[in-house]
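Okay, structure first, notes after.
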Amino acid sequence: MKIVEAKTYLNCPGRNFLTLEIKTDEGVVGIGDGTLNGRELAVKSYLDEYCVPSLIGRDPFDTEDIWNYFYRGAYWRRGPVTMTAIGAIDVALWDIKAKALGVPLYKLLGGSSREKMLVYCHASGRDMDAALEAVAKKREMGYRAIRIQSGVPGMEGIYGVPGQKKGYEPANRGATPHEESWDTSKYLNYVPTLFAKARDVFGQDLHLLHDSHHRLTPNEAARLGQELEPYHLFWLEDVVPAELQESLRLVRQKTTTPLAIGEIFNSVYDCQAMIVEQLIDYLRMTVSHGGGITPMMKIAAFAAIYHVKIGMHGPSDVSPVALGACLQVSRAINNFGILEFMGYTEEMSEAFPHDFRFEEGYLKTPDKPGLGVEFNREYAEKHPCQKAFLPVNRLEDGTMFHW
Ligand code: KDG
Ligand code: MG
C-alpha cells in the first residue's frame, strides 16, 4: 500500500479545526487532527510546506519509521507546532492501518484493557450558585466526574467561565488577543470555599476536579492543595506553569491532593523528571499535541512504571478526530485514569460524524474499523476558517501574567 495524496483542511464548523486527510493507492483514507487553538495556520503551513511532499509514495504501515523521519529527521525538533503536525500524520496513518485490517484501532495497540472509559466534563458559572447549578445539571446527565470552575468575587473574567458567549470557548475571533485580568489572592481565598460548598451539596461520591490553569507559584500551589485536602479532589490541574519541572517538588512534598499536568506538553522531554520523581499523579498530554499515537503509547508505558496514570486533555478544541484517537489509546493502555470530554455541538458532529457512546459517566469506543470518526469535507468546507486567539492575561496593575 502506498500514500498517494495528503491534504489539509482548515474549517470553522463552530470553531476552527485543522484536518489532515491521507489517501492511499488502495482507496483507504485516514484522517488526523492538527488543531492547535489560535495557531492553526502555523500547523497547516508546517504540514503543507514541510511534511506532505515527503509522505507521498510511502507505505502507511511504516508508522514507526515515518514518525522518526519527521521527528528525528528534523533538525528543528519538538515544540507544539511541529509535534501537532507530526501527530496529525501519525493518527491518520494508524487510522489507515486499522481500516485496511478491518479492526477498531485499539486492537492494534494491545487490544482492550477496558470496555468503557471514565470521563469528566466541565461545570462552570459566574458565581458559586451558578457553578453549583451547572454541576447539578451535569450530574443529572450521568457524569460521575465534574471539573468545577467559578467566577471569583471581585474579579472580571476568569479562565473556564464563559462571558457573554453561550458555551465554553476560550478563543475569541478577531485580529488580536482579548485581555483578561487576574488576582491570585482573591482566587486562593475563594476556591476552598467553593469546594467546601460543593461537598456539602453533592456529598462524597461525585469526583470533583479543578484547573488552576498555570497561575500559581509552587508555594501558592502548595497552600491551595493543602486547603483542598478535606474535599478529596480527583485532581488539581496545572497548578504551576510547568516548563520548570522541579517546581512540582515543593508542591508534592506539601500536599496529598492529586496533581495533574501536561495539556501543553508535546514530548516526553517536557515531563520525564516529574514522571521519574513521581511528582504528579496524572499526565494530561494528549494524542494530537503530543506527536500522535506512536509516542503516546510509549509515554504511557514509561509513566506506568512510576505509578503515573494518563488523563488526556480533551476539551472541545480537541476535535472529534483527536478525541477518537485519545479514546482508542485510553482503551488499550493499562494505566488509564480518566479522559476529559465535553461533547460537541451539532455543527461539529456534522463535520466529524462519530459515535462515541456516553453511558452513565463513561464513554465507549465506536465499533467501526479505524478511529471510528469520519470527516464530512463538503460540510466542513462550507465553514471557512475564522482567525481566533486564546486570551492573554495581566495582573490588576497591568503586569503580563500567565493565561
Ligand atoms: O485551547 C486551550 C484550552 O484547550 C484549555 O485552556 C482547556 O485547560 C483546558 C482544559 O483543561 O480543558
Ligand atoms: Mg486544563
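The values are calculated or read from the model by the stated rules, or taken from the named source; none is laboratory data. Model, not experiment: these values are computed from the prediction. Every residue, glycine as well, gets a Cβ built from its backbone with ideal geometry; the counts of neighbours run over all protein chains shown. These area figures cover heavy atoms from the full protein model, side chains too; ligands, DNA and RNA do not enter into them. Shrake-Rupley method; radii C 1.70, N 1.55, O 1.52, S 1.80 Å.
Answer with yes or no whether residue 77 is part of a loop (DSSP other than H, G, I, E, B), without any contact (Cβ under 8 Å) to a residue 24 or more places away in the chain and open to solvent by 10 Å² or more (accessible area, probe 1.4 Å). Judged against the criteria, residue 77 is a match. Looking only at the range 212-244, count how many residues are within 13 Å of ligand 1 (Cβ to nearest atom) and either without any contact (Cβ under 8 Å) to a residue 12 or more places away in the chain or under 17 Å from residue 193 (Cβ atoms) (or both). Residues meeting the conditions: 2.
Of all residue pairs spaced 6 or more apart or on separate chains, those with beta-carbon atoms under 6 Å, a first member in the range 308-326 that is over 16 Å from residue 353 (Cα atoms) and a second member that is more than 10 Å from ligand 1 (Cβ to nearest atom) and assigned to a helix (DSSP H, G or I) are 308/275; 310/300; 312/326; 314/323; 314/326. Could you tell me which residue of the range 362-378 is most open to solvent (accessible area, probe 1.4 Å), considering only residues that are closer than 16 Å to residue 7 by Cα and not charged (D, E, K, R)? Here the residue is 376. None of 171, 134 is within 16 Å of ligand 2 (Cβ to nearest atom) and under 22 Å from the mean Cα position of the chain (by Cα) except 171.
Yes/no matrix, rows are residues, columns are (1) over 18 Å from the mean Cα position of the chain (by Cα); (2) under 26 Å from residue 12 (Cβ atoms); (3) without any contact (Cβ under 8 Å) to a residue 40 or more places away in the chain:
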| residue | (1), (2), (3) |
| --- | --- |
| 83 | no, yes, no |
| 87 | no, yes, no |
| 108 | yes, no, yes |
| 129 | yes, no, yes |
| 140 | yes, no, yes |
| 147 | no, yes, no |
| 154 | yes, no, yes |
| 179 | yes, yes, no |
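Of the residues 293, 264, the single one that is under 25 Å from residue 316 (Cβ atoms), within 16 Å of ligand 1 (Cβ to nearest atom) and under 17 Å from the mean Cα position of the chain (by Cα) is 264. Going residue by residue through the range 351-368, is there one that turns out to be more than 30 Å from residue 137 (Cα to Cα) and not in a helix (DSSP H, G or I)? Looking through the range 351-368, at least one residue is more than 30 Å from residue 137 (Cα to Cα) and not in a helix (DSSP H, G or I).
The set of residues in the range 294-351 being hydroxyl-bearing (Ser, Thr, Tyr) and open to solvent by 20 Å² or more (accessible area, probe 1.4 Å) consists of 306, 344, 345, 349.
Kindly establish whether residue 284 is in contact with a helix residue (DSSP H, G or I) (Cβ under 8 Å, 6 or more places away or on another chain), among the basic types (Lys, Arg) and within 12 Å of ligand 2 (Cβ to nearest atom). Spelling it out, it is not the case that residue 284 is in contact with a helix residue (DSSP H, G or I) (Cβ under 8 Å, 6 or more places away or on another chain), among the basic types (Lys, Arg) and within 12 Å of ligand 2 (Cβ to nearest atom). When the range 36-54 is filtered for residues that are surrounded by 20 or more Cβ atoms within 10 Å (Cβ to Cβ), touching a helix residue (DSSP H, G or I) at 6+ places or on another chain (Cβ under 7 Å) and either not aliphatic (A, V, I, L, M) or not in a loop (DSSP other than H, G, I, E, B) (or both), the ones remaining, listed by number, are 43, 46, 47, 51. Residues that are free of Cβ contacts under 8 Å to residues at least 40 places away in the same chain, surrounded by 24 or more Cβ atoms within 10 Å (Cβ to Cβ) and under 19 Å from residue 37 (Cα atoms) within the range 256-290 comprise 261, 285, listed in sequence order. Within the range 1-35, the residues that satisfy the criterion of being open to solvent by less than 10 Å² (accessible area, probe 1.4 Å), outside any strand (DSSP E or B) and in contact with a helix residue (DSSP H, G or I) (Cβ under 6 Å, 6 or more places away or on another chain) are 13, 16, 34. Residue pairs whose Cβ atoms lie under 7 Å apart, separated by 6 or more positions or on different chains, with the first residue in the range 343-368 and on the phi < 0 side of the Ramachandran plot and the second among the β-branched types (Val, Ile, Thr) and open to solvent by less than 50 Å² (accessible area, probe 1.4 Å), are 352/321; 352/373; 354/373; 362/119; 363/119.
Scanning the range 310-335 for residues that are among the aliphatic types (A, V, I, L, M) and away from ligand 2 (no atom under 16 Å from the Cβ) yields 321, 325, 327, 329, 332, 333. Scanning the range 379-403 for residues that are surrounded by fewer than 18 Cβ atoms within 10 Å (Cβ to Cβ) and among the polar types (S, T, N, Q) yields 386, 399.
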